[in-house]
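Right, one structure below, let's go through it.
Quick note: the coordinates plus some simple rules give every number you see, no bench work behind them. The shown structure was predicted, so the numbers you read here are calculated from the model rather than taken from an experiment. Cβ placement follows ideal geometry from the backbone for every residue including glycine, while neighbour counts extend to all protein chains displayed.
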Amino acid sequence: MKNGFMSGQTSTLIHNIGELMTQDGEHRVLRDAAVVIEGERISWIGQAADAPAADAAVDAEGRAVLPGWVDSHSHLVFAGDRTAEFEARMAGESYSAGGIAVTMGATRAAGEEELTRLTAERVAEAVSQGTTYLESKTGYGLDVENEARSARIAAATVDEVTYLGAHLVPAGVDPEEYTDLVCGPMLDAVLPHVRWADVFCERGAFTEEQSRRVLTAARNAGLGLRVHGNQLGEGPGVQLAVEFGAASVDHVNYLSEADIQALAGTWSGWDAASGTGLRGTVATCLPACDLSTRQPLAPGRELIDAGVQIALAANCNPGTSYTSSMAFCVTTAVLQMHLSVHEAVRAATYGGALALGRETGKDADGERAVGSIAVGHRADLHMLKAPSATHLAYRPGIPMTHAVWRAGVRAV
Ligand SMILES: N=CN[C@@H](CCC(=O)O)C(=O)O
Ligand SMILES: [Zn+2]
């Protein structure tokens, strides 16, 4: 045995870390730190001076290391773009759900190989910027065959797949009949490929009653639930998410005091300090989307202060947020949503993991925790071109990714 490790897997020591922001149960931020990766898991963290020997070593040269970003909300399976719609919006038009139909047309027209390539390219773009765990929704197929195809492609390219047949009622289809389809044959067709279901509960998309039917059918099929809610105005999305015990409600731009209190209530059995207890409904804020649609930024500060666990996600999609930059979201959360750097990084790592039910694991194959740096967790690490995470906000717009490990494998 040439090092301190027993498993026979190759180990890598990353040492001389200027700032190690663990986002672990103790919320530790270590200076002069080191991490050891063994296979796909983290096997040791601590002060660099105490580090054990390993098969290989990487000198961080004083750079900061964070957990890889966990992007818990994206729509990556699509073809075409919506530049014209974006330009019109910048000229004063407001966003409406109807633009989804343009992407539906382009997506249906694309071949399977092309759609797979486009999706994989978007995943690669995200990873190159430090994202190591990624969710994607379906939602641009909107018939049985094309939703099943999108779910299949997503399952082959991302970590978590969400069924979003309830994204828009296609033109010429009766809304109630379409909702029946979403709750029946379409759900059956995607089921082998997905872990989650979502519904766009908003004016111009799905009503409260239709959303309720979709969530009930998905829950009965054994799927975890998520909701797009309160994006374009106050509405029933948040309350529905709470009522159904959804893992996350996303967008949350227009919240009443009752909405915030309802979300906070879901976390009353949760010990935020240790990250144990009963999980509630995460409020997922999407600041890049808010800016691109000229909506008010989600009230992340107020949500945290009320005791709600929040996540930050990029919401990469061609309509409202054509970026996979989690760093941009963190920067915006600090500069404009008044989160501290630690809170913003936490929401973009641990918060995303919480929104996907992956913040804990059994330290076994396929069941490793993501979103924080602790022994036994998946070795998803993001080394910055800077000595501290503060530089993400201090130097806005500057590419900050120096190196990335995804499940122990060097990706950048
Ligand atoms: N709001 C609903 N769905 C997407 C946008 C879809 C689109 O416009 O293509 C979102 O999360 O922002
Ligand atoms: Zn979305």
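Would you order Thr179, Thr10 from fewest to most other beta-carbon atoms within 10 Å of each residue's own beta-carbon?
Ranking Thr179, Thr10 by Cβ neighbours within 10 Å, fewest first, gives Thr10, Thr179.
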Report task. Return, ordered by residue number, the residues of the range 26-50 whose backbone nitrogen is under 14 Å from a label point located 7 Å along Cα→Cβ of Gln9. Result -> 36-44
Report task. Please give the length that would be gained between Asp50 and Arg219 if that part of the chain were fully extended, namely 0.36 nm times their separation in residues minus their C-alpha to C-alpha distance (nm, one decimal). Result -> 56.0 nm
Query - Dimensionless Rg over Rh [the range 70-133; C-alpha; Kirkwood] - result: 1.03
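Pull out the extension gain between Ala258 and Glu61, defined as 0.36 nm times the separation in residues minus the alpha carbon to alpha carbon distance; nm, one decimal.
Details: separation 197, 0.36 × 197 = 70.92 nm, distance 4.87 nm.
So the extension gain works out to 66.1 nm.
Under the definition of Cα pairs under 8 Å and six or more residues apart, what whole-number percent is the relative contact order of the chain? Intermediate values should be presented prior to the final figure.
Numbers: 1007 pairs, mean separation 77.8, N = 412.
Relative contact order here is 19 percent.
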**Report entry** Estimated inter-spin distance, Asp180 and Ala156, nm [label 7 Å along Cα→Cβ]
**Finding:** 3.3 nm
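Please give the FRET efficiency for Val409 paired with Asp271, using the beta carbon to beta carbon distance and R0 = 51 Å, rounded to the nearest 0.05. List each step's numbers first, then the result.
Details: r = 33 Å, r/R0 = 0.66.
Using R0 = 51 Å, I get an efficiency of 0.95.
In which sequence would Ser211, Ser268 go, from the one with the fewest C-beta neighbours within 10 Å to the one with the most? It would help to have the intermediate numbers written out before the result.
Numbers: Ser211 26, Ser268 10.
By the 10 Å Cβ count, ascending, the order reads Ser268, Ser211.
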Report task. May I ask for the distance between the Cα centers of the range 109-141 and the range 13-27, given as a whole number of Å? Result -> 30 Å
Query raised in the report: Separation between the Ser96 and Thr207 pseudo-spin-labels, each 7 Å from Cα along Cα→Cβ, expressed in nm?
Result: 1.8 nm
Report summary line: Checking the range 160-254 for trypsin sites (Lys or Arg not before Pro) in a loop per DSSP with at most 13 other beta-carbon atoms within 10 Å yields Arg203
Query raised in the report: Per the Debye formula with a single identical scatterer at each Cα and no solvent contribution, what log10 I(q)/I(0) holds for the range 69-355 at q = 0.08 Å⁻¹?
Result: -0.29
Report task. Give the order of Arg346, Arg117 when sorted by the count of other beta carbons within 10 angstrom, beginning with the fewest. Result -> Arg117, Arg346
Query - Cβ-based net charge around Ala369, under 15 Å, with every Lys or Arg adding one and every Asp or Glu removing one - result: -2
Query raised in the report: Cα centroids of the range 265-326 and the range 358-412: how far apart, whole angstrom?
Result: 19 Å
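What ratio of Cα Rg to 2.2 N^0.38 Å holds for the range 255-345? Intermediate values should be presented prior to the final figure.
Numbers: Rg = 13.5 Å, N = 91, 2.2 N^0.38 = 12.2 Å.
The value comes to 1.10.
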Requested in this report: Excluding Tyr95 itself, calculate the net charge of residues whose Cβ lies under 15 Å from the Cβ of Tyr95, where each Lys or Arg counts +1 and each Asp or Glu counts -1.
Outcome: -1
